[in-house]
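Chemist: Here it is, the structure in full.
The values are calculated or read from the model by the stated rules, or taken from the named source; none is laboratory data. Please read these numbers as outputs of a predicted model, since none were measured by experiment. Because the Cβ atoms are built from the backbone with ideal geometry, glycine has one as well, and the counts that use them run over all protein chains shown.
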(Lines give C-alpha, C1' and ligand atoms only; values in the text may rest on other atoms or scores of the structure.)
Protein backbone atom coordinates (compact mmCIF):
# COMPACT_ATOMS: atom_id res chain seq x y z
CA UNK A 1 0.00 0.00 0.00
CA UNK A 2 1.32 3.43 -0.97
CA UNK A 3 2.65 5.70 1.75
CA UNK A 4 0.37 8.70 2.35
CA UNK A 5 2.38 10.64 4.94
CA UNK A 6 5.99 10.43 6.00
CA UNK A 7 7.78 12.15 8.87
CA UNK A 8 11.01 11.74 10.80
CA UNK A 9 9.29 9.40 13.25
CA UNK A 10 7.04 7.21 11.09
CA UNK A 11 5.23 6.70 7.83
CA UNK A 12 1.51 6.08 7.36
CA UNK A 13 -0.02 4.35 4.35
CA UNK A 14 -3.45 5.19 2.97
CA UNK A 15 -5.23 2.36 4.81
CA UNK A 16 -3.63 3.37 8.11
CA UNK A 17 -4.48 7.01 7.46
CA UNK A 18 -8.16 6.22 6.92
CA UNK A 19 -8.23 3.94 9.97
CA UNK A 20 -6.68 6.50 12.31
CA UNK A 21 -8.79 9.36 10.96
CA UNK A 22 -11.94 7.25 11.37
CA UNK A 23 -11.08 6.54 15.00
CA UNK A 24 -10.61 10.24 15.74
CA UNK A 25 -13.82 11.08 13.87
CA UNK A 26 -15.67 8.57 16.03
CA UNK A 27 -14.26 10.13 19.18
CA UNK A 28 -15.29 13.63 18.05
CA UNK A 29 -18.81 12.44 17.26
CA UNK A 30 -19.12 10.48 20.51
CA UNK A 31 -18.26 13.59 22.52
CA UNK A 32 -20.66 15.77 20.55
CA UNK A 33 -18.02 18.29 19.49
CA UNK A 34 -18.98 20.68 16.69
CA UNK A 35 -16.10 23.19 16.58
CA UNK A 36 -12.52 22.39 17.52
CA UNK A 37 -9.27 24.29 17.33
CA UNK A 38 -6.16 22.54 16.02
CA UNK A 39 -2.93 23.87 17.53
CA UNK A 40 0.07 21.80 16.54
CA UNK A 41 3.32 22.08 14.68
CA UNK A 42 3.31 20.42 11.25
CA UNK A 43 2.93 16.71 11.88
CA UNK A 44 1.19 13.49 10.85
CA UNK A 45 -1.20 14.07 13.75
CA UNK A 46 -2.19 17.51 12.41
CA UNK A 47 -3.22 15.97 9.09
CA UNK A 48 -5.09 13.07 10.67
CA UNK A 49 -7.11 15.35 12.97
CA UNK A 50 -7.90 17.64 10.05
CA UNK A 51 -9.22 14.75 7.95
CA UNK A 52 -11.09 13.28 10.92
CA UNK A 53 -12.90 16.59 11.42
CA UNK A 54 -14.16 16.45 7.85
CA UNK A 55 -15.30 12.84 8.30
CA UNK A 56 -17.20 13.77 11.48
CA UNK A 57 -18.67 16.93 9.97
CA UNK A 58 -16.90 18.99 12.64
CA UNK A 59 -15.80 22.55 11.95
CA UNK A 60 -12.03 22.67 12.38
CA UNK A 61 -10.18 25.91 13.09
CA UNK A 62 -6.41 25.70 12.46
CA UNK A 63 -4.56 27.91 14.97
CA UNK A 64 -1.25 29.34 13.71
CA UNK A 65 1.42 28.72 16.33
CA UNK A 66 3.03 32.08 15.46
CA UNK A 67 -0.07 34.04 16.53
CA UNK A 68 0.33 36.11 19.69
CA UNK A 69 -1.55 35.07 22.84
CA UNK A 70 -3.97 37.94 22.28
CA UNK A 71 -4.67 36.82 18.73
CA UNK A 72 -5.28 33.22 19.80
CA UNK A 73 -7.63 34.40 22.54
CA UNK A 74 -9.55 36.45 19.99
CA UNK A 75 -9.70 33.44 17.65
CA UNK A 76 -11.06 31.19 20.39
CA UNK A 77 -13.82 33.60 21.34
CA UNK A 78 -14.70 34.58 17.78
CA UNK A 79 -15.05 30.98 16.60
CA UNK A 80 -16.76 29.89 19.84
CA UNK A 81 -14.46 26.89 20.11
CA UNK A 82 -15.55 24.03 22.33
CA UNK A 83 -12.17 22.32 22.52
CA UNK A 84 -8.60 22.57 21.27
CA UNK A 85 -6.42 19.63 20.30
CA UNK A 86 -2.85 20.76 20.89
CA UNK A 87 0.76 19.75 21.39
CA UNK A 88 1.64 22.70 23.68
CA UNK A 89 -0.57 22.38 26.73
CA UNK A 90 1.24 25.03 28.76
CA UNK A 91 0.64 27.78 26.21
CA UNK A 92 -3.05 27.00 25.71
CA UNK A 93 -3.59 26.83 29.49
CA UNK A 94 -1.89 30.21 29.84
CA UNK A 95 -4.25 31.71 27.28
CA UNK A 96 -7.34 29.90 28.64
CA UNK A 97 -6.66 29.35 32.36
CA UNK A 98 -10.27 28.29 33.09
CA UNK A 99 -10.17 25.45 30.59
CA UNK A 100 -10.21 21.77 31.55
CA UNK A 101 -7.92 19.01 30.37
CA UNK A 102 -9.49 15.84 29.01
CA UNK A 103 -7.91 12.66 30.33
CA UNK A 104 -7.34 11.11 26.92
CA UNK A 105 -4.66 11.88 24.36
CA UNK A 106 -6.07 11.98 20.82
CA UNK A 107 -3.40 11.39 18.15
CA UNK A 108 -0.71 12.40 20.66
CA UNK A 109 -2.63 15.64 21.26
CA UNK A 110 -3.91 17.06 24.53
CA UNK A 111 -7.63 17.82 24.52
CA UNK A 112 -8.39 21.17 26.17
CA UNK A 113 -12.08 21.70 26.93
CA UNK A 114 -13.16 25.32 26.77
CA UNK A 115 -16.02 27.16 28.42
CA UNK A 116 -19.26 26.04 26.79
CA UNK A 117 -21.04 28.42 24.46
CA UNK A 118 -24.79 28.71 24.28
CA UNK A 119 -26.27 27.14 21.18
CA UNK A 120 -27.66 29.97 19.08
CA UNK A 121 -28.49 30.88 15.51
CA UNK A 122 -25.00 32.37 15.27
CA UNK A 123 -23.46 29.11 16.47
CA UNK A 124 -25.48 27.08 13.98
CA UNK A 125 -24.33 29.34 11.16
CA UNK A 126 -20.70 28.83 12.14
CA UNK A 127 -21.27 25.06 12.23
CA UNK A 128 -22.11 25.17 8.51
CA UNK A 129 -18.44 25.89 7.76
CA UNK A 130 -16.14 22.94 7.14
CA UNK A 131 -13.14 25.03 8.10
CA UNK A 132 -12.57 28.49 9.54
CA UNK A 133 -9.24 29.97 8.55
CA UNK A 134 -7.93 33.02 10.34
CA UNK A 135 -5.78 35.39 8.34
CA UNK A 136 -2.95 37.18 10.10
CA UNK A 137 -5.17 40.23 9.89
CA UNK A 138 -4.15 43.74 8.93
CA UNK A 139 -4.73 44.75 12.57
CA UNK A 140 -4.15 42.98 15.86
CA UNK A 141 -7.31 40.89 15.61
CA UNK A 142 -7.14 38.16 12.94
CA UNK A 143 -10.15 37.80 10.68
CA UNK A 144 -12.05 34.51 10.54
CA UNK A 145 -13.13 33.28 7.11
CA UNK A 146 -15.80 30.54 7.04
CA UNK A 147 -15.20 28.09 4.22
CA UNK A 148 -17.73 25.41 3.21
CA UNK A 149 -16.65 21.94 2.17
CA UNK A 150 -17.73 22.55 -1.44
CA UNK A 151 -15.26 25.42 -1.75
CA UNK A 152 -12.43 23.28 -0.42
CA UNK A 153 -13.38 20.41 -2.72
CA UNK A 154 -13.66 22.62 -5.79
CA UNK A 155 -10.25 24.21 -5.42
CA UNK A 156 -8.59 20.88 -4.55
CA UNK A 157 -9.99 19.18 -7.65
CA UNK A 158 -9.27 22.17 -9.93
CA UNK A 159 -5.67 22.34 -8.71
CA UNK A 160 -5.22 18.60 -9.22
CA UNK A 161 -6.50 18.93 -12.79
CA UNK A 162 -4.36 22.00 -13.51
CA UNK A 163 -1.25 20.27 -12.16
CA UNK A 164 -1.97 16.87 -13.70
CA UNK A 165 1.52 16.64 -15.22
CA UNK A 166 3.28 17.51 -11.95
CA UNK A 167 4.42 14.71 -9.66
CA UNK A 168 3.34 15.10 -6.04
CA UNK A 169 4.90 11.76 -5.12
CA UNK A 170 6.98 13.49 -2.44
CA UNK A 171 5.49 16.85 -1.53
CA UNK A 172 7.29 18.63 1.31
CA UNK A 173 5.23 20.84 3.63
CA UNK A 174 7.40 23.89 4.25
CA UNK A 175 4.69 26.41 5.09
CA UNK A 176 2.62 25.86 8.27
CA UNK A 177 -0.33 23.54 7.71
CA UNK A 178 -2.46 26.18 9.47
CA UNK A 179 -1.95 28.19 6.29
CA UNK A 180 -4.87 27.39 3.98
CA UNK A 181 -2.62 27.26 0.91
CA UNK A 182 -0.39 24.53 2.36
CA UNK A 183 -3.37 22.72 3.85
CA UNK A 184 -5.10 22.44 0.47
CA UNK A 185 -2.32 22.48 -2.11
CA UNK A 186 0.17 20.69 0.11
CA UNK A 187 -2.06 17.93 1.52
CA UNK A 188 -5.35 17.49 -0.32
CA UNK A 189 -3.88 17.80 -3.83
CA UNK A 190 -1.09 15.24 -3.21
CA UNK A 191 -3.68 12.87 -1.70
CA UNK A 192 -5.96 13.24 -4.73
CA UNK A 193 -2.96 12.34 -6.87
CA UNK A 194 -2.08 9.37 -4.69
CA UNK A 195 1.19 10.96 -3.62
CA UNK A 196 3.05 11.18 -0.33
CA UNK A 197 3.08 14.22 1.97
CA UNK A 198 6.42 14.79 3.70
CA UNK A 199 5.69 16.57 6.98
CA UNK A 200 8.23 17.82 9.51
CA UNK A 201 8.13 20.36 12.36
CA UNK A 202 9.25 23.81 11.28
CA UNK A 203 12.32 23.79 13.53
CA UNK A 204 13.56 20.61 11.85
CA UNK A 205 13.47 22.49 8.55
CA UNK A 206 15.14 25.60 9.97
CA UNK A 207 11.91 27.57 10.33
CA UNK A 208 10.46 29.20 13.44
CA UNK A 209 7.76 31.76 14.12
CA UNK A 210 6.27 33.34 11.01
CA UNK A 211 9.51 34.60 9.52
CA UNK A 212 12.69 33.17 11.13
CA UNK A 213 14.72 31.11 8.67
CA UNK A 214 17.95 29.12 8.73
CA UNK A 215 18.36 28.65 4.98
CA UNK A 216 21.38 26.36 5.23
CA UNK A 217 19.47 23.99 7.48
CA UNK A 218 16.48 24.07 5.13
CA UNK A 219 18.65 23.19 2.12
CA UNK A 220 20.26 20.37 4.09
CA UNK A 221 16.84 18.94 4.91
CA UNK A 222 15.58 19.33 1.34
CA UNK A 223 18.64 17.47 0.11
CA UNK A 224 17.96 14.67 2.61
CA UNK A 225 14.21 14.45 1.92
CA UNK A 226 14.41 14.78 -1.89
CA UNK A 227 10.93 16.24 -2.46
CA UNK A 228 9.38 16.46 -5.92
CA UNK A 229 7.41 19.60 -5.04
CA UNK A 230 6.98 22.27 -2.39
CA UNK A 231 5.48 25.72 -1.83
CA UNK A 232 7.42 28.79 -0.73
CA UNK A 233 6.84 32.45 0.05
CA UNK A 234 8.84 35.12 -1.82
CA UNK A 235 11.20 35.80 1.08
CA UNK A 236 12.16 32.13 1.36
CA UNK A 237 12.67 31.90 -2.39
CA UNK A 238 14.94 34.95 -2.30
CA UNK A 239 17.04 33.35 0.44
CA UNK A 240 17.20 30.04 -1.41
CA UNK A 241 18.26 31.65 -4.66
CA UNK A 242 20.88 33.85 -2.97
CA UNK A 243 22.68 31.00 -1.21
CA UNK A 244 22.60 28.83 -4.33
CA UNK A 245 24.10 31.70 -6.32
CA UNK A 246 26.79 31.95 -3.63
CA UNK A 247 27.77 28.33 -4.17
CA UNK A 248 25.50 26.25 -1.92
CA UNK A 249 24.47 22.95 -3.53
CA UNK A 250 20.93 21.68 -3.93
CA UNK A 251 21.04 17.97 -4.75
CA UNK A 252 17.26 17.57 -4.74
CA UNK A 253 15.55 17.77 -8.11
CA UNK A 254 12.02 19.14 -7.57
CA UNK A 255 9.61 19.15 -10.52
CA UNK A 256 7.47 22.03 -9.31
CA UNK A 257 7.94 24.88 -6.84
CA UNK A 258 4.96 27.14 -6.28
CA UNK A 259 5.52 30.66 -4.95
CA UNK A 260 2.87 33.05 -3.74
CA UNK A 261 1.51 34.88 -0.71
CA UNK A 262 2.97 38.22 -1.83
CA UNK A 263 4.21 39.81 -5.04
CA UNK A 264 7.18 38.07 -6.67
CA UNK A 265 9.53 40.03 -8.91
CA UNK A 266 10.07 38.66 -12.43
CA UNK A 267 13.79 39.08 -11.82
CA UNK A 268 13.68 36.69 -8.86
CA UNK A 269 11.81 34.08 -10.90
CA UNK A 270 14.37 34.48 -13.68
CA UNK A 271 17.26 34.01 -11.24
CA UNK A 272 15.59 30.91 -9.80
CA UNK A 273 15.02 29.35 -13.20
CA UNK A 274 18.61 30.03 -14.21
CA UNK A 275 19.52 27.75 -11.29
CA UNK A 276 17.15 25.08 -12.67
CA UNK A 277 14.54 25.74 -10.00
CA UNK A 278 11.09 25.14 -11.59
CA UNK A 279 9.40 28.13 -9.92
CA UNK A 280 5.86 29.19 -10.86
CA UNK A 281 3.95 32.10 -9.36
CA UNK A 282 0.33 31.89 -8.27
CA UNK A 283 -2.24 34.08 -6.58
CA UNK A 284 -5.05 33.53 -4.16
CA UNK A 285 -6.82 34.54 -0.99
CA UNK A 286 -8.55 32.76 1.85
CA UNK A 287 -11.94 34.08 0.77
CA UNK A 288 -11.64 32.00 -2.42
CA UNK A 289 -10.36 28.81 -0.83
CA UNK A 290 -6.71 29.82 -1.31
CA UNK A 291 -5.64 29.47 -4.98
CA UNK A 292 -7.34 31.62 -7.65
CA UNK A 293 -4.79 31.50 -10.47
CA UNK A 294 -1.49 29.80 -11.20
CA UNK A 295 1.28 29.59 -13.76
CA UNK A 296 2.23 26.07 -14.83
CA UNK A 297 4.79 24.43 -17.06
CA UNK A 298 2.24 24.27 -19.88
CA UNK A 299 0.80 27.76 -19.36
CA UNK A 300 3.26 30.32 -18.05
CA UNK A 301 3.82 34.06 -18.30
CA UNK A 302 6.47 35.54 -16.03
CA UNK A 303 5.22 38.71 -14.35
CA UNK A 304 1.67 37.42 -14.22
CA UNK A 305 0.10 35.26 -11.52
CA UNK A 306 -1.14 32.83 -14.13
CA UNK A 307 -4.54 31.97 -15.51
CA UNK A 308 -7.59 31.44 -13.28
CA UNK A 309 -8.42 27.89 -12.25
CA UNK A 310 -11.22 26.21 -14.22
CA UNK A 311 -13.98 26.98 -11.70
CA UNK A 312 -13.04 30.66 -11.26
CA UNK A 313 -14.29 33.80 -13.02
CA UNK A 314 -12.38 37.07 -12.76
CA UNK A 315 -13.47 40.55 -13.76
CA UNK A 316 -11.76 43.89 -13.41
CA UNK A 317 -13.92 46.82 -12.26
CA UNK A 318 -12.14 50.15 -12.26
CA UNK A 319 -8.85 48.36 -11.81
CA UNK A 320 -10.17 46.30 -8.88
CA UNK A 321 -9.78 42.52 -9.13
CA UNK A 322 -13.01 40.65 -8.35
CA UNK A 323 -13.46 36.89 -8.18
CA UNK A 324 -16.47 34.62 -8.55
CA UNK A 325 -16.97 30.88 -8.51
CA UNK A 326 -15.34 29.53 -5.36
CA UNK A 327 -16.08 31.74 -2.42
CA UNK A 328 -16.31 31.66 1.33
CA UNK A 329 -19.68 31.74 3.07
CA UNK A 330 -19.07 34.62 5.47
CA UNK A 331 -16.71 36.39 7.85
CA UNK A 332 -17.08 35.75 11.55
CA UNK A 333 -16.49 39.37 12.44
CA UNK A 334 -19.27 41.77 11.60
CA UNK A 335 -21.53 38.89 10.47
CA UNK A 336 -20.79 39.90 6.87
CA UNK A 337 -22.31 37.52 4.35
CA UNK A 338 -20.46 36.89 1.12
CA UNK A 339 -21.72 38.34 -2.14
CA UNK A 340 -21.47 36.65 -5.52
CA UNK A 341 -18.28 38.53 -6.41
CA UNK A 342 -15.44 38.78 -3.91
CA UNK A 343 -13.67 42.15 -3.89
CA UNK A 344 -10.07 41.13 -3.36
CA UNK A 345 -8.69 44.56 -2.49
CA UNK A 346 -6.04 44.07 -5.17
CA UNK A 347 -5.52 46.12 -8.30
CA UNK A 348 -4.70 44.42 -11.58
CA UNK A 349 -5.69 43.48 -15.10
CA UNK A 350 -6.19 40.54 -17.45
CA UNK A 351 -4.13 40.50 -20.62
CA UNK A 352 -5.51 39.43 -24.00
CA UNK A 353 -4.56 35.81 -23.34
CA UNK A 354 -6.32 35.66 -19.99
CA UNK A 355 -3.28 35.91 -17.71
CA UNK A 356 -3.91 37.85 -14.50
CA UNK A 357 -1.49 40.59 -13.45
CA UNK A 358 -1.55 42.11 -9.94
CA UNK A 359 -0.26 45.67 -9.75
CA UNK A 360 -0.85 46.66 -6.14
CA UNK A 361 -3.16 46.95 -3.14
CA UNK A 362 -6.23 49.12 -3.09
CA UNK A 363 -5.98 49.84 0.60
CA UNK A 364 -2.99 50.94 2.57
CA UNK A 365 -1.98 47.51 3.81
CA UNK A 366 1.58 46.22 3.80
CA UNK A 367 2.20 42.67 2.63
CA UNK A 368 5.54 41.41 3.90
CA UNK A 369 7.72 39.11 1.82
CA UNK A 370 6.44 36.32 4.09
CA UNK A 371 2.89 37.01 2.95
CA UNK A 372 1.67 38.62 6.19
CA UNK A 373 -0.85 41.47 5.96
CA UNK A 374 0.01 44.35 8.26
CA UNK A 375 -1.83 47.61 8.76
CA UNK A 376 0.87 50.21 9.43
CA UNK A 377 -1.64 52.29 11.38
CA UNK A 378 -2.10 49.44 13.84
CA UNK A 379 1.61 49.42 14.70
CA UNK A 380 2.03 53.18 14.49
CA UNK A 381 -0.86 53.90 16.84
CA UNK A 382 0.62 51.55 19.40
CA UNK A 383 4.06 53.14 19.17
CA UNK A 384 2.86 56.71 19.58
CA UNK A 385 1.03 55.66 22.74
CA UNK A 386 4.51 55.71 24.26
CA UNK A 387 5.39 58.92 26.03
CA UNK A 388 8.79 58.75 24.33
CA UNK A 389 7.53 58.65 20.73
CA UNK A 390 5.79 61.64 19.16
CA UNK A 391 5.38 60.42 15.57
CA UNK A 392 6.25 57.37 13.54
CA UNK A 393 5.56 55.77 10.17
CA UNK A 394 5.98 52.07 9.45
CA UNK A 395 7.23 50.52 6.23
CA UNK A 396 7.74 46.94 5.09
CA UNK A 397 6.00 46.30 1.77
CA UNK A 398 7.50 43.13 0.23
CA UNK A 399 10.19 43.14 2.92
CA UNK A 400 11.03 40.47 5.51
CA UNK A 401 10.30 42.70 8.50
CA UNK A 402 8.89 46.09 9.46
CA UNK A 403 10.96 49.22 9.95
CA UNK A 404 9.98 52.70 11.09
CA UNK A 405 10.93 56.34 10.91
CA UNK A 406 10.48 57.70 14.42
CA UNK A 407 10.28 61.20 15.84
CA UNK A 408 10.88 61.17 19.58
CA UNK A 409 9.35 63.56 22.07
CA UNK A 410 12.79 64.02 23.63
CA UNK A 411 15.40 65.26 21.17
CA UNK A 412 18.15 64.03 23.46
CA UNK A 413 16.70 60.55 23.70
CA UNK A 414 19.35 57.84 23.51
CA UNK A 415 19.22 54.90 21.13
CA UNK A 416 19.37 52.56 24.13
CA UNK A 417 16.27 54.10 25.69
CA UNK A 418 14.40 54.01 22.39
CA UNK A 419 15.45 50.41 21.85
CA UNK A 420 14.07 49.47 25.27
CA UNK A 421 10.79 51.26 24.51
CA UNK A 422 10.37 49.53 21.15
CA UNK A 423 11.30 46.17 22.66
CA UNK A 424 8.59 46.64 25.29
CA UNK A 425 6.03 47.43 22.59
CA UNK A 426 7.15 44.57 20.33
CA UNK A 427 6.25 42.09 23.06
CA UNK A 428 2.60 42.96 22.45
CA UNK A 429 2.83 42.17 18.74
CA UNK A 430 3.06 38.96 16.73
CA UNK A 431 6.58 38.56 15.37
CA UNK A 432 5.68 39.45 11.77
CA UNK A 433 4.46 42.93 12.83
CA UNK A 434 7.31 43.82 15.17
CA UNK A 435 9.63 46.75 14.43
CA UNK A 436 13.05 45.22 13.84
CA UNK A 437 14.98 48.38 12.85
CA UNK A 438 14.31 52.09 12.71
CA UNK A 439 15.53 55.55 11.88
CA UNK A 440 15.41 58.21 14.60
CA UNK A 441 14.92 61.80 13.50
CA UNK A 442 14.45 65.02 15.45
CA UNK A 443 12.54 66.71 12.60
CA UNK A 444 8.77 66.28 13.16
CA UNK A 445 6.51 65.46 10.25
CA UNK A 446 4.49 68.55 9.36
CA UNK A 447 2.44 70.12 6.63
CA UNK A 448 5.16 72.72 6.20
CA UNK A 449 7.82 70.16 5.29
CA UNK A 450 5.40 68.15 3.13
CA UNK A 451 5.30 65.09 5.39
CA UNK A 452 1.75 65.61 6.63
CA UNK A 453 -1.38 66.39 4.65
CA UNK A 454 -3.54 69.39 5.46
CA UNK A 455 -5.75 67.19 7.65
CA UNK A 456 -2.76 65.88 9.58
CA UNK A 457 -2.48 62.43 8.01
CA UNK A 458 0.91 60.97 7.13
CA UNK A 459 2.19 61.53 3.60
CA UNK A 460 3.68 58.07 3.35
CA UNK A 461 5.16 58.35 -0.12
CA UNK A 462 6.81 61.65 0.75
CA UNK A 463 8.26 60.27 3.98
CA UNK A 464 9.52 57.16 2.21
CA UNK A 465 11.14 59.30 -0.47
CA UNK A 466 12.70 61.66 2.09
CA UNK A 467 14.28 58.81 4.05
CA UNK A 468 14.81 56.37 1.17
CA UNK A 469 18.56 55.99 1.63
CA UNK A 470 18.28 55.34 5.35
CA UNK A 471 15.36 52.95 4.92
CA UNK A 472 17.22 50.95 2.28
CA UNK A 473 20.19 50.71 4.63
CA UNK A 474 17.97 49.05 7.25
CA UNK A 475 17.65 46.08 4.87
CA UNK A 476 21.24 46.05 3.59
CA UNK A 477 22.11 42.65 5.09
CA UNK A 478 18.98 40.74 4.02
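Chemist: Checking residue 333 against (1) crowded, with 17+ Cβ neighbours inside 10 Å; (2) in the same structural domain as residue 262 (by TED's automatic domain parsing); (3) in contact (Cβ under 8 Å) with a residue 60 or more places away in the chain: exactly one of these is not met. Which one?
Modeler: (1)
Chemist: Let me ask something else. Taking the options 176, 142, name whichever one is touching a residue at least 12 places away in the same chain (Cβ under 8 Å), in contact with a strand residue (DSSP E or B) (Cβ under 6 Å, 6 or more places away or on another chain) and outside any strand (DSSP E or B). It would help to see each step written out before you state the result.
Modeler: On the way: 176 fails: in contact with a strand residue (DSSP E or B) (Cβ under 6 Å, 6 or more places away or on another chain).
Result of the check over 176, 142: 142.
Chemist: Considering only strands (runs of 3 or more DSSP E) fully contained in the stretch 1-65, which possess at least 2 residues that are over 15 Å from residue 199 (Cα atoms), in the same structural domain as residue 78 (by TED's automatic domain parsing) and in contact with a helix residue (DSSP H, G or I) (Cβ under 7 Å, 6 or more places away or on another chain)?
Modeler: Result: 35-39, 59-62.
Chemist: Given the conditions (1) touching a residue at least 40 places away in the same chain (Cβ under 8 Å); (2) in the same structural domain as residue 162 (by TED's automatic domain parsing), and given that residue 269 satisfies all but one, which numbered condition is not satisfied?
Modeler: Among (1) touching a residue at least 40 places away in the same chain (Cβ under 8 Å); (2) in the same structural domain as residue 162 (by TED's automatic domain parsing), residue 269 violates only (1).
Chemist: Would you confirm whether any residue within the stretch 217-234 is buried (at least 20 other Cβ atoms within 10 Å of the Cβ), at pLDDT below 95 and part of a helix (DSSP H, G or I)?
Modeler: The answer is yes; a qualifying residue exists.
Chemist: Moving on to the next point. Could you list, in sequence order, the residues of the stretch 255-270 that are part of a loop (DSSP other than H, G, I, E, B) and touching a helix residue (DSSP H, G or I) at 6+ places or on another chain (Cβ under 6 Å)? Before the answer, list the steps.
Modeler: In the first step, residues of the stretch 255-270 are kept if they are part of a loop (DSSP other than H, G, I, E, B); the result is 255, 260-265.
Answer for the stretch 255-270, where residues must be part of a loop (DSSP other than H, G, I, E, B) and touching a helix residue (DSSP H, G or I) at 6+ places or on another chain (Cβ under 6 Å): 262, 264.
Chemist: Every residue in the stretch 13-30 that is surrounded by fewer than 22 Cβ atoms within 10 Å (Cβ to Cβ) and in contact with a strand residue (DSSP E or B) (Cβ under 8 Å, 6 or more places away or on another chain), please.
Modeler: Listed by number, the residues that qualify are 13, 14, 16, 17, 20, 27.
Chemist: Within the stretch 278-312, can you find the residues that are part of a loop (DSSP other than H, G, I, E, B) and surrounded by fewer than 22 Cβ atoms within 10 Å (Cβ to Cβ)? Quick ask: steps written out before the conclusion?
Modeler: So the first thing to find is which residues in the stretch 278-312 are part of a loop (DSSP other than H, G, I, E, B), and the list is 278, 289, 295-301, 303, 305-306, 309-312.
Once the filter is applied, which keeps residues that are part of a loop (DSSP other than H, G, I, E, B) and surrounded by fewer than 22 Cβ atoms within 10 Å (Cβ to Cβ), the stretch 278-312 yields 278, 296, 297, 298, 299, 300, 301, 303, 310, 311.
Chemist: What is the one condition in (1) buried (at least 17 other Cβ atoms within 10 Å of the Cβ); (2) under 30 Å from residue 147 (Cβ atoms) that residue 255 does not satisfy?
Modeler: Result: residue 255 passes all but (1).
Chemist: Of everything in the stretch 441-455, what is surrounded by fewer than 17 Cβ atoms within 10 Å (Cβ to Cβ) and in contact with a helix residue (DSSP H, G or I) (Cβ under 6 Å, 6 or more places away or on another chain)? Give them in sequence order.
Modeler: Result: 450, single match.
Chemist: Let me ask something else about it. If I filter the stretch 70-77 for residues that are part of a loop (DSSP other than H, G, I, E, B) and at pLDDT 90 or above, do I get at least one hit? Working first, answer last.
Modeler: So in the stretch 70-77, the residues part of a loop (DSSP other than H, G, I, E, B) come out as none.
No: zero hits.
Chemist: Of the residues in the stretch 431-472, how many are within 27 Å of the chain's Cα centre (by Cα) and over 17 Å from residue 376 (Cβ atoms)?
Modeler: Number satisfying all stated conditions: 1.
Chemist: From the list 144, 209, pick out the single residue that is under 29 Å from residue 58 (Cα atoms), surrounded by fewer than 20 Cβ atoms within 10 Å (Cβ to Cβ), in contact with a helix residue (DSSP H, G or I) (Cβ under 7 Å, 6 or more places away or on another chain) and modelled with pLDDT under 95.
Modeler: On the way: 144 fails: surrounded by fewer than 20 Cβ atoms within 10 Å (Cβ to Cβ).
209 is the lone residue from the list that is under 29 Å from residue 58 (Cα atoms), surrounded by fewer than 20 Cβ atoms within 10 Å (Cβ to Cβ), in contact with a helix residue (DSSP H, G or I) (Cβ under 7 Å, 6 or more places away or on another chain) and modelled with pLDDT under 95.
Chemist: Still on this structure, please answer the following. Considering only residues of the stretch 353-362 that are part of a loop (DSSP other than H, G, I, E, B) and in contact with a strand residue (DSSP E or B) (Cβ under 6 Å, 6 or more places away or on another chain), which is farthest from residue 307 (Cα to Cα)? Talk me through it step by step, then tell me what you get.
Modeler: The first filter runs over the stretch 353-362 and keeps only residues part of a loop (DSSP other than H, G, I, E, B), leaving 353-355, 362.
From what is left, the residues that are in contact with a strand residue (DSSP E or B) (Cβ under 6 Å, 6 or more places away or on another chain) are 354-355, 362.
Values: 354: 6, 355: 5, 362: 21 Å.
Of everything passing the filter in the stretch 353-362, 362 is farthest from residue 307 (Cα to Cα).
Chemist: Spot the failing condition for residue 378; the list is (1) touching a strand residue (DSSP E or B) at 6+ places or on another chain (Cβ under 6 Å); (2) surrounded by fewer than 21 Cβ atoms within 10 Å (Cβ to Cβ), and only one is missed.
Modeler: (1)
Chemist: Output the number of residues of the stretch 88-115 satisfying the condition of being part of a loop (DSSP other than H, G, I, E, B), more than 20 Å from residue 31 (Cα to Cα) and touching a residue at least 24 places away in the same chain (Cβ under 8 Å).
Modeler: 1
Chemist: Also, quick follow-up: If residue 396 satisfies all but one of (1) touching a residue at least 40 places away in the same chain (Cβ under 8 Å); (2) surrounded by 21 or more Cβ atoms within 10 Å (Cβ to Cβ); (3) within 17 Å of residue 440 (Cα to Cα), what's the number of the condition it fails?
Modeler: With (1) touching a residue at least 40 places away in the same chain (Cβ under 8 Å); (2) surrounded by 21 or more Cβ atoms within 10 Å (Cβ to Cβ); (3) within 17 Å of residue 440 (Cα to Cα) applied to residue 396, the lone miss is (1).
Chemist: I've got another one for you. So if I check each of 71, 77, which one is farther than 16 Å from residue 130 by Cα, crowded, with 18+ Cβ neighbours inside 10 Å, within 24 Å of the chain's Cα centre (by Cα) and not assigned by TED's automatic domain parsing to the domain that holds residue 186? Don't jump to the end; show me each part of the working.
Modeler: On the way: 77 fails: crowded, with 18+ Cβ neighbours inside 10 Å.
One residue alone meets the criteria, 71.
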